1. Counting Lys +1, Arg +1, Asp -1, Glu -1, what net charge surrounds P122 among other residues with beta carbon under 10 Å of its beta carbon?
2. Which length gain, in nm to one decimal place, applies between H263 and K21 when the Cα-Cα distance is subtracted from 0.36 nm times their residue separation?
3. What size of dipole, in debye to the nearest 20, comes out for the chain about its Cα centre when the only charges are +1 on Lys and Arg C-beta atoms and -1 on Asp and Glu C-beta atoms?
4. Once you have the Cα-Cα distance between T304 and Q380, take 0.36 nm times their residue separation minus that, and quote the gain in nm to one decimal.
5. Rounded to the nearest whole Å², what accessible area per residue is found for segment 1-88 with the 1.4 Å probe?
6. Quick one: net charge of V264's neighbours, Cβ under 14 Å, K/R +1, D/E -1?
7. Using a 1.4 Å probe over the heavy atoms of the protein chains, calculate the carbon and sulfur portion of the accessible area of the chain as a whole percent.
8. Taking the alpha-carbon distance from K103 and a cut-off under 16 Å, which lysines remain once sequence neighbours fewer than 8 residues away in the same chain are dropped?
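The values are calculated or read from the model by the stated rules, or taken from the named source; none is laboratory data. Bear in mind the structure is a predicted one, so any value in this text is a computation, not a measurement. Quick reminder, even Gly has a Cβ in these numbers, built from the backbone with ideal geometry, and neighbours come from all protein chains shown. Accessible surface areas use protein heavy atoms only, side chains included; no ligands, DNA or RNA. Shrake-Rupley method; radii C 1.70, N 1.55, O 1.52, S 1.80 Å.
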Amino acid sequence: MIHSLFLINHSGDIFLEKHWKSVISRSVCDYFFEAREKAVDPENVPPVLQTPHHYLISIYRGKLFFLSVIQTEVAPLFVIEFLHRVADTIQDYFGECSEGIIKDNIVTVYELLEEMLDNGFPLATESNVLKEMIRPPTILRSVVNTLTGSSNVGDTLPTGQLSNVPWRRAGVKYTNNEAYFDVIEEIDAILDKSGTTVFAEIQGVIEACVRLTGMPDLTLSFMNPRLLDDVSFHPCVRFKRWESERVLSFIPPDGNFTLMNYHVSSQNLVAIPVYVKQSISFFETGPCGRLDITIGPKQTMGKTVENMMVTIHMPKAVLNANLTATQGTYTYDLTTKVLVWDIGKLNPQKLPNLRGSLSTQVGVPKPEDNPSLNIDLKIQQLAISGLKVSRLDMYGEKYKPFKGVKYLTKAGKFQVKMLCTAHFSTNWRSEYI
């Protein structure tokens with residue numbers, strides 16, 4: 001299936017490569033680099049590229065590209081899921097998935113890749129199975145390995161490898177038994193010039209951190225599970241139980257894992273938590289323009305909007321921006337023509353405003369296209385779809401664990417499409433996430 005894997009940093013340098021069959025030259029990545037140059041953002045690089053002799057399938061995680069090389073046709077989502085498993089495993093082992101961490105633990109990373117793929121096909125991808133075969137590095141273990149010449153590779157076959165519950169190792173014991181779940185939702189939307197929602201959806205995920213003794217059997221119930229579309233589960237979830245009762249019944253893996261992913265595609269269920277009043281104009285006479293942006297809360301269910309950030313891709317004719325922000329700070333990159341306004345926490349009593357003048361090139365036609373506007377934000381303890389966990393029950397063990405659920409809403413790919421109303425002057429207003 002997968003012949004080679006290349007890890008590429010944000011600058012376009014290949015700092016790790018792994019080949020399972022024949023060695024494929026790095027020159028195959030030139031097709032990927034061409035697509036990367038054409039994309040505005042790294043997230044916009046096409047995940048699947050076709051070359052004369054190969055297919056290139058990639059993901060972007062932690063400012064790194066995981067690029068796999070395929071020589072025969074294969075389900076792209078299957079490869080994409082495996083690449084995410086590789087990134088998740090690296091993060092689980094070392095705490096983060098970054099170029100520096102991978103270089104510092106290059107031997108362990110190669111050992112993991114060797115076990116996760118056998119002759120190009122996925123073999124062991126569960127974290128608990130891998131940790132029994134390849135022990136996570138520690139300072140003490142590194143010192144012992146250096147002195148004795150041993151390695152992190154285990155001598156025995158993992159117990160879960162031959163079990164009907166391969167995702168959980170046997171004999172798990174904890175002093176404090178706890179199970180925590182994070183419900184994280186991202187809003188993706190496209191709004192037109194008038195603020196009308198053209199497209200809106202929610203991508204949700206439930207991340208779990210379960211540290212329980214023995215072999216517990218958990219049941220997670222929701223207050224309104226019918227609003228979920230296109231659900232996908234961890235292999236531990238009993239799918240027939242979900243189909244019949246809309247509850248999650250499972251024997252959990254030990255530690256951190258993704259319990260389920262879901263999708264809410266109905267636009268009437270996607271609330272817009274903030275609004276944006278904005279206007280931009282370029283004058284017919286003189287190399288200047290005006291910009292005015294005001295942001296306020298809309299449908300936040302009483303929660304505070306945090307980490308608010310506005311990003312505007314200005315036209316190439318804009319040389320500089322002389323603005324005043326009533327809250328937060330702004331920066332304007334003269335090379336990329338990107339204006340970033342970092343607001344922080346949104347105060348509903350005093351709405352933040354950014355206004356001022358724009359300097360444009362002399363003798364250059366005024367911009368005909370309005371700049372695109374993107375907003376980033378986070379809202380703690382709120383699932384914007386309305387999804388709520390009603391209860392968590394445990395069977396098979398007699399102790400009572402600590403239980404908890406957290407909610408988080410954040411902006412995904414949220415974009416406003418602007419239409420040019422005049423050649424020399426444009427005014428636009430819209431409501432935005």
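1. Net charge in that neighbourhood comes out at -1.
2. So the extension gain works out to 83.4 nm.
3. Once rounded to the nearest 20, the dipole reads 1240 debye.
4. 26.6 nm
5. The answer is 50 Å² per residue.
6. Spelling it out: positives minus negatives among the neighbours equals -4.
7. C and S atoms contribute 51 percent here.
8. Within the straight-line cut-off, K103 pairs with K18, K63.
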